[in-house]
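Following: one structure in structure tokens, then a few remarks.
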Amino acid sequence: MEGWLIWIIIGAIFIVAEIFSVSFFAGPIGLACLVAAILNKAGATTTLQLVGFSITSVGLLLAVRPIWKRMMENKSDKEVSGINTYVGKQGKITETVDPQAETGRIKIGGEDWRAVSDKSIIIEEGSLATVIRIEGSKAVVSVSENP
């Protein structure tokens, strides 16, 4: 098997690994392998291929990874996703929230959730409530003061 083809196969493996890991570690190494494959095809020595691979991989890692980390840190601070999107939302109580009977349901944004009161009080069906937090499959709610 020719050297350039080996470099391409190794590079493809690293690029596919990057798709599944999104760590921005394997991707630059995969791209560096492709640079080494080009050098091999151009007739460069093994030493020159390794130097090209090393410089490219280190350069890409030093350039791309810090930018990616900064973007991820900023993104995680601002975005709310999953069940946390319900926190702070107002919904309508569809079944009386009763701590003694352990009953209660709330409809939030078209979805029906089991509801419990944050202050162990009864919240009547038809009332508006605000989601304080999500605990497992339950929405912890309090009576809304603003309709």
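Take the conditions (1) surrounded by fewer than 12 Cβ atoms within 10 Å (Cβ to Cβ); (2) more than 30 Å from E135 (Cβ to Cβ); (3) free of Cβ contacts under 8 Å to residues at least 12 places away in the same chain; V58 misses just one of them, which is (1). Between I15, I38, I19, I10, the distinction of being in the same structural domain as M72 (by TED's automatic domain parsing) and touching a Cys at 6+ places or on another chain (Cβ under 7 Å) belongs to I10 only. For residues in region 1-56 being small (G, A, S) and outside any helix (DSSP H, G or I), which is nearest to K69 (Cα to Cα)? Within region 1-56, the match that is nearest to K69 (Cα to Cα) is S23.
What number goes with the only condition from (1) over 30 Å from E124 (Cβ atoms); (2) surrounded by fewer than 12 Cβ atoms within 10 Å (Cβ to Cβ) that E102 does not pass? Every listed condition holds for E102 apart from (1).
When restricted to residues that are farther than 16 Å from I83 by Cβ and surrounded by fewer than 19 Cβ atoms within 10 Å (Cβ to Cβ), region 120-147 contains 14. Just one of the listed residues (I83, I93, I108) is over 26 Å from the mean Cα position of the chain (by Cα) and touching a residue at least 12 places away in the same chain (Cβ under 8 Å), and it is I93. Within region 11-25, the set of residues being surrounded by 13 or more Cβ atoms within 10 Å (Cβ to Cβ) and within 18 Å of the chain's Cα centre (by Cα) comprises A17, E18, F24, F25.
With respect to (1) among the polar types (S, T, N, Q); (2) exposed (fewer than 15 other Cβ atoms within 10 Å of the Cβ); (3) modelled with pLDDT under 95, the lone exception for S117 is condition (2).
The values are calculated or read from the model by the stated rules, or taken from the named source; none is laboratory data. All values derive from a computational prediction rather than experimental measurement. All Cβ positions, even for glycine, are placed from backbone atoms using ideal geometry, and neighbour counts span all protein chains on display.
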